[in-house]
Amino acid sequence: MKKKLPALLGLAVLLVVLAAVYFLWGSGEGDETAEVEEQTEESQSFSFVFNIDESVGLSQVRAERISLPEGCGVSESIDAGDKEMLVYLDGSSWYIKGYEDCPLSDDMQTYLDGFYSLYANTELKEHEGLEEYGLAEPCLKLYAAYDDGSDMVLSVGNQTADKLGFYVGVSGSDSVFIVSNTNISKYFYGFNELMDKTLPTLNLEEITFATVMNFETDESLIITYDSSNESSAAEGNSLTTLMLKSPVNGLTVYPYNLETTILSGFSYLKLLDIVEINAENLAQYGLEQPVYELTFKDTENTFSLDIGSLADDEHYYCKTPDSNTVYLTYKAGVEPAVNYNIYEFTERFVNLQYRRNVESVNISVLNGEEYVLEFGEDNVNKEGVDNRVASLNGREYDRVDISDFYQLLTGITFERIEENAAVEGEAALVISYKLLDGTESTDRYYNYDSNYYIVEKNGGNTGFVVSKSYLSRMLDMAAELSQEEE
């Protein structure tokens, strides 16, 4: 028995030590749990600032946008500062008070939806006061009224230290909420975001009309639909063609040429920030008499924009023709349209005429030679191909046999334009077209130098410089075809 006593005493001591360790470890865990519970009472993650039943109708919203802090996701606009904005429901439509005639954008619905629920990353239930979070003097204050008579006031204060969110307060709660930049940005929406700034879209491959008017220089670029399109497919050319009317009349233009020249910046022709709604003094923006007027049409839509003076290095002032609201637009969209070179988008035909439209062509040479090309009665097959018999000085040819000569005749091109070239003496060559619709056109070729002619079209000097050797080749073929059979 005496031998067992020391062993029992040792075991008792071990149990006491283990109990002490267990007690101390358990006490520490209890303190840590208490601390977590205490922190939970002070802050709570993932909660709603407010969550209102969507069946309750929203009747109006009033916004006081005092400033636009960095990180709010909205650019500076005309209503920054101490401006107020009242959005109200009338019938089934929403309006901004004072600007009822201005259409609203799709972002209006996003804005309104924001007054039913707002999600917070963190809720601070205990804090030292609103001043610390910028909520005593918020940068944004919103008042929402609902159909059931209830209302809500939402305040947005400072941005958080990590720049990822804002401190937010709401009526009926003493908590301060932290809301992410993404979730808060819609509440900063103003006129810039809520007004519709969309412009008609165009299919640039189907342009039918284009004008660029420069009122500072009185210059105009006018491109219209070519009426011969209806018959172009019958002549083996399915391309839709346009016709240049100014600054030079009668040149052929293809839509794909415009895509890479005057319309190369079309995607940048958009309404950006609003500068002034319903401006009374348009002259300060260069828009009382616009510097430029741009108009483009495709088969369905018309795009028109008045361009004023430069606003800065990257933007012009602009407006739509039916409104005095002034916007910014990109310089990158305007410059290609107004700094054009007609050589870059025109086909250099002197007088391109599709054969199906022609009744006769008269060719007179100064040396006395004359050739008359006439087409017989209408003969179009089911594919729409012109199979009329042609006669040159009385000798008949079918469609295939005359095609090479006609391509030379209507394919006369100019190499360049000499604007100051004088037209003197008698014309060395005169080519006159009579079309089936009764219209006539006459091209006169005058000697310019030993290698070139200058062309006068319908009495006006075009300055077109045309190769004499090309016309000699065309006349040689005419002489060969018009010879009597041996």
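The values are calculated or read from the model by the stated rules, or taken from the named source; none is laboratory data. Bear in mind the structure is a predicted one, so any value in this text is a computation, not a measurement. Cβ: placed from backbone, ideal geometry, glycine included. Neighbour counts: every protein chain shown. Accessible surface is based on the protein model in full, side chains and every heavy atom, while ligands, DNA and RNA are left aside. Shrake-Rupley method; radii C 1.70, N 1.55, O 1.52, S 1.80 Å.
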Restrict the check to the range 174-181 and report whether at least one residue is touching a residue at least 40 places away in the same chain (Cβ under 8 Å) and over 17 Å from Tyr119 (Cβ atoms). yes
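Which residues, counting only those in the range 247-263, are part of a helix (DSSP H, G or I), at pLDDT 90 or above and open to solvent by less than 20 Å² (accessible area, probe 1.4 Å)?
Of all residues in the range 247-263, those part of a helix (DSSP H, G or I) come to 255-259.
Restricting the remaining residues to those that are at pLDDT 90 or above gives 258-259.
Selection gives Leu258 alone.
Does Thr346 satisfy being in contact (Cβ under 8 Å) with a residue 24 or more places away in the chain, of a type in the set (Ser, Thr, Tyr) and farther than 30 Å from Arg399 by Cα? Working first, answer last.
Working: in contact (Cβ under 8 Å) with a residue 24 or more places away in the chain: yes; of a type in the set (Ser, Thr, Tyr): yes; farther than 30 Å from Arg399 by Cα: no.
Judged against the criteria, Thr346 is not a match.
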Looking at the range 24-105, what strands (runs of 3 or more DSSP E) fall wholly within it and have at least 1 residues that are modelled with pLDDT of 80 or more and aromatic (Phe, Trp, Tyr)? 43-51, 83-90, 93-96
Considering every residue within the range 468-485, establish whether at least one is closer than 24 Å to Asn357 by Cβ and surrounded by fewer than 12 Cβ atoms within 10 Å (Cβ to Cβ). no
With the checklist (1) open to solvent by less than 20 Å² (accessible area, probe 1.4 Å); (2) farther than 30 Å from Thr252 by Cβ; (3) in contact with a Ser or Thr (Cβ under 9 Å, 6 or more places away or on another chain) in hand, flag the one item Ile207 doesn't pass. (2)
Which of the strands (runs of 3 or more DSSP E) found entirely inside the range 264-374 contain at least 1 residues meeting this: open to solvent by 30 Å² or more (accessible area, probe 1.4 Å), of a type outside the set (Asp, Glu) and within 24 Å of Glu219 (Cα to Cα)? 292-297, 302-310, 315-319, 326-330
Kindly indicate the residue of the range 113-134 that is part of a loop (DSSP other than H, G, I, E, B) and more than 12 Å from Val170 (Cβ to Cβ) and also most open to solvent (accessible area, probe 1.4 Å) among those meeting that condition. Glu128
Report the residue count in the range 448-461 for those that are open to solvent by 90 Å² or more (accessible area, probe 1.4 Å) and not in a loop (DSSP other than H, G, I, E, B). 0
Taking the stated definitions as given, is Tyr446 out of contact with any helix residue (DSSP H, G or I) (no Cβ under 8 Å at 6 or more places or on another chain) and at pLDDT 95 or above? yes
Answer residue from the range 230-246, given it is more than 16 Å from Lys297 (Cα to Cα) and not in a loop (DSSP other than H, G, I, E, B) and is modelled with the highest pLDDT among those: Ser246
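Residues are listed down the side, and each one gets a yes or a no for (1) under 30 Å from Asn278 (Cβ atoms); (2) of a type in the set (Asp, Glu); (3) open to solvent by 50 Å² or more (accessible area, probe 1.4 Å); (4) not in a loop (DSSP other than H, G, I, E, B):
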residue: Val153; (1), (2), (3), (4): no, no, no, yes
residue: Val156; (1), (2), (3), (4): yes, no, no, yes
residue: Lys163; (1), (2), (3), (4): no, no, yes, no
residue: Phe166; (1), (2), (3), (4): no, no, no, yes
residue: Ser173; (1), (2), (3), (4): no, no, no, no
residue: Phe177; (1), (2), (3), (4): no, no, no, yes
residue: Leu199; (1), (2), (3), (4): yes, no, no, no
Can you give me the number of residues within the range 98-112 that are small (Gly, Ala, Ser) and either open to solvent by 80 Å² or more (accessible area, probe 1.4 Å) or on the phi > 0 side of the Ramachandran plot (or both)? 1
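Report, by residue number, each residue of the range 415-443 that is polar (S, T, N, Q), surrounded by 12 or more Cβ atoms within 10 Å (Cβ to Cβ) and either farther than 21 Å from Arg355 by Cα or within 41 Å of the chain's Cα centre (by Cα) (or both). First the steps, then the outcome.
From the range 415-443, those polar (S, T, N, Q) are 420, 432, 439, 441-442; that's our starting set.
Remaining after also requiring surrounded by 12 or more Cβ atoms within 10 Å (Cβ to Cβ): 432, 441-442.
Answer for the range 415-443, where residues must be polar (S, T, N, Q), surrounded by 12 or more Cβ atoms within 10 Å (Cβ to Cβ) and either farther than 21 Å from Arg355 by Cα or within 41 Å of the chain's Cα centre (by Cα) (or both): just Ser441.
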Mind checking which pairs have a first residue in the range 285-309 that is in contact (Cβ under 8 Å) with a residue 60 or more places away in the chain and a second that is among the aromatic types (Phe, Trp, Tyr) and surrounded by 22 or more Cβ atoms within 10 Å (Cβ to Cβ), Cβ under 7 Å, 6 or more apart or different chains? Phe303/Phe296
Going by the conditions given, is Phe405 within 21 Å of Ser246 (Cα to Cα) and buried (at least 16 other Cβ atoms within 10 Å of the Cβ)? no
